[in-house]
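Here the structure comes first, spelled out in structure tokens, and everything after it is commentary.
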Amino acid sequence: MIARLITWLDERLPTEGVIKKELLRHVFPDHWSFMLGEIALYCFIALVVTGTWLGFFFHPSNMEYVYHGPYQPLQGVKVSQAYASLLNLSLSVPLGLLMRQTHHWACLVFLAAIICHMMRIFFTGAFRRPREINWIIGTTLLVLAMLEGYLGYSMGDDLLSGVGLRIGDSVALAIPVVGAYLSYLIFGGEFPTPWVADRLFFLHVFLFPAVIAGLIGFHLLNVLIQKHTQFPGKGKTEDNVVGSPMWPNYALKSLALGVATFAVLFALGGLTQINPIWQYGPYHPQDNLSPDQPDWYLGWLIGALRLAWPYDLHVLNHTIPEPFWPAVFMPAALFGFVYLWPWIEKILTGDDRRHELLDYPREAPLRVGVGVTVLTFVILLELAGSDDIQSNLMHISVEKLVEIYQWAAFLVPPVAGFIGFKIASELRARAHIGDEVKPARVVLVRNAAGGYDEEAARSV
Ligand code: HEM
């Protein structure tokens, strides 16, 4: 039946049989780590589905009124329509809480899947020629996904997200020369303005999802046209792809993964409370709460802000205030390094060849060392982002913890990177014991021009 449908479509669409000849017969190499990108894809689909549902009930307005809804503790409190509509969604609308929590969990899992996918790509060298563009698109997708998450949970106008928006505004204001204009552009005046929710809503439900969807489409098209890389092994070369065809094997496997991803997300949404805005209360600038943490994928930025030294720089009548270094300069430098990594590695290794076969991480100790250094640095910042909770749990003062993390953020990453480099080098040496005793035999073969070419002797 599927085959007849495809033939029917191929005849009537300008595909000239591509669906049947190319797409359905496209070969995908089999490895569990190649499913990480798919999990990210299915999380995005879950976000669009649950988000669309939420959009019917969310009122993107900062207009305030006295609350008289079902939630007793907030009776008589001034709240915005945005906050009240989320309370209503969570406490009164059938399936409201399930959809809201599933949407939030899908965002947390989405970012985790993207980062795991990216680590797979990095440590196996799948970013190398000809996939540099997909690396750039991917890194952009990571940045956009983090911002989209921030926009999403900032729309609720609850105390936690309000504080987060205030921090976001301070970071924008910290950018020298253009900061104040940028803040006005984003918020339409001095934060908080009466139209914050409108603007966040437009960005969160239209602009960002459209750009992300477009980039994912281009990303996957690249994977299809370039063919997927594969791990080295028997019968696998730089010129072939060994695996299962798109239809039925790969498509059904991927579909099953999609259903499983949805099942996990809805189970999380139904069983695990997340972002209980009724406990935080509405956002009023004079209020604040501690401890307060953003969603995990922004924890490293808050950690960097908490570790920064209170130091303003004055240059040419301009002040570069303290938040600029941890929240603008550091992330820009970090992502700049990530964006440029394919070219940095090319310069370091002198290897500009096309690579269809992946590396096992041990084959590139330098890459492992760099990756471990960067990951350790980000993880330490992430930990520093919850210093207030750790202080409560370990009865150590926040000041002491900040000092410890400040030193750790500089000393630990290079040490961890060196250990990673050493372990990979050792594993590579062990994996290639005995390789060198069999020198490759080369034969000279007459070519058409009458010259000679070197050719590896075929082992008989
Ligand atoms: C919304 C985010 C993303 C989605 C939905 C996504 C989806 C996918 C899928 C489904 C594949 C093919 C299967 C696989 O190898 O996992 C893939 C491949 C690829 N992705 Fe992503 N990806 C995302 C983000 C990223 C990021 C952050 C990077 C790197 C910075 C990246 C770089 C690549 C590369 C280079 C390939 C080709 C892999 C190969 O041929 O081995 N992607 N992506």
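The values are calculated or read from the model by the stated rules, or taken from the named source; none is laboratory data. Not measured: the values here are computed from a predicted model. Methodologically, a virtual Cβ is constructed for each residue, glycine included, from the backbone with ideal geometry; neighbour enumeration extends over all protein chains shown. These area figures cover heavy atoms from the full protein model, side chains too; ligands, DNA and RNA do not enter into them. Shrake-Rupley method; radii C 1.70, N 1.55, O 1.52, S 1.80 Å.
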Inset, instruction - Scan the range 98-119 and give yes if some residue there is part of a helix (DSSP H, G or I), of a type in the set (F, W, Y) and either within 21 Å of P209 (Cβ to Cβ) or more than 9 Å from the ligand (Cβ to nearest atom) (or both), otherwise no. - result: yes
Legend entry - Selection within the range 335-373 - surrounded by 14 or more Cβ atoms within 10 Å (Cβ to Cβ), in a helix (DSSP H, G or I) and small (G, A, S): G369, G371
Legend entry - Residue check, F201 away from the ligand (no atom under 12 Å from the Cβ), farther than 14 Å from F44 by Cα and modelled with pLDDT of 95 or more: yes
Inset, instruction - May I ask you to list pairs of residues, at least six apart or on different chains, whose Cβ atoms are under 7 Å apart, with the first in the range 19-47 being part of a helix (DSSP H, G or I) and the second being modelled with pLDDT under 90? - result: I19/I6; I19/L9; I19/D10; K20/I6; K20/T7; K20/D10; L23/M246
Legend entry - Single match in F57, F44 (criterion: within 16 Å of the ligand (Cβ to nearest atom), modelled with pLDDT of 95 or more and open to solvent by less than 80 Å² (accessible area, probe 1.4 Å)): F44
Inset, instruction - Would you check which residues across the range 60-94 are over 16 Å from P276 (Cβ atoms), touching a residue at least 12 places away in the same chain (Cβ under 8 Å), assigned to a loop (DSSP other than H, G, I, E, B) and open to solvent by 70 Å² or more (accessible area, probe 1.4 Å) and list them? - result: M63
Inset, instruction - Please state which one of P194, P176, P209, P232 is under 30 Å from Q81 (Cβ atoms) and open to solvent by less than 60 Å² (accessible area, probe 1.4 Å). - result: P209
Inset, instruction - State which residue is modelled with the lowest pLDDT when the search covers only the range 22-34 and only residues that are within 12 Å of the ligand (Cβ to nearest atom) and within 14 Å of L220 (Cβ to Cβ). - result: H26
Inset, instruction - Being among the basic types (K, R) and either outside any loop (DSSP other than H, G, I, E, B) or touching a residue at least 40 places away in the same chain (Cβ under 8 Å) (or both) is the filter here, so list the residues in the range 231-249 that pass it. - result: K236
Legend entry - Some residue of the range 120-128 being buried (at least 19 other Cβ atoms within 10 Å of the Cβ) and either over 22 Å from the mean Cα position of the chain (by Cα) or free of Cβ contacts under 8 Å to residues at least 40 places away in the same chain (or both): yes
Inset, instruction - Could you identify the single residue in L252, L265, L224 that is away from the ligand (no atom under 13 Å from the Cβ), in a helix (DSSP H, G or I), within 24 Å of the chain's Cα centre (by Cα) and on the phi < 0 side of the Ramachandran plot? - result: L265
Legend entry - Meets criteria (open to solvent by 40 Å² or more (accessible area, probe 1.4 Å) and either touching a residue at least 12 places away in the same chain (Cβ under 8 Å) or more than 20 Å from the chain's Cα centre (by Cα) (or both)) for H284: no
Inset, instruction - Looking only at the range 380-391, decide whether some residue is part of a loop (DSSP other than H, G, I, E, B) and either open to solvent by 50 Å² or more (accessible area, probe 1.4 Å) or in contact (Cβ under 8 Å) with a residue 60 or more places away in the chain (or both). - result: yes
Inset, instruction - Run down G156, G152 and say which single residue is open to solvent by less than 10 Å² (accessible area, probe 1.4 Å) and more than 8 Å from the ligand (Cβ to nearest atom). - result: G156
Legend entry - Residue check for M35: closer than 25 Å to S244 by Cα and open to solvent by 80 Å² or more (accessible area, probe 1.4 Å): no
Legend entry - In the range 318-334, the residues that are open to solvent by 60 Å² or more (accessible area, probe 1.4 Å) and in a strand (DSSP E or B): H318, T319
Legend entry - Criterion: buried (at least 18 other Cβ atoms within 10 Å of the Cβ) and of a type outside the set (A, V, I, L, M, F, W, C) - qualifying residue of G168, G214: G168
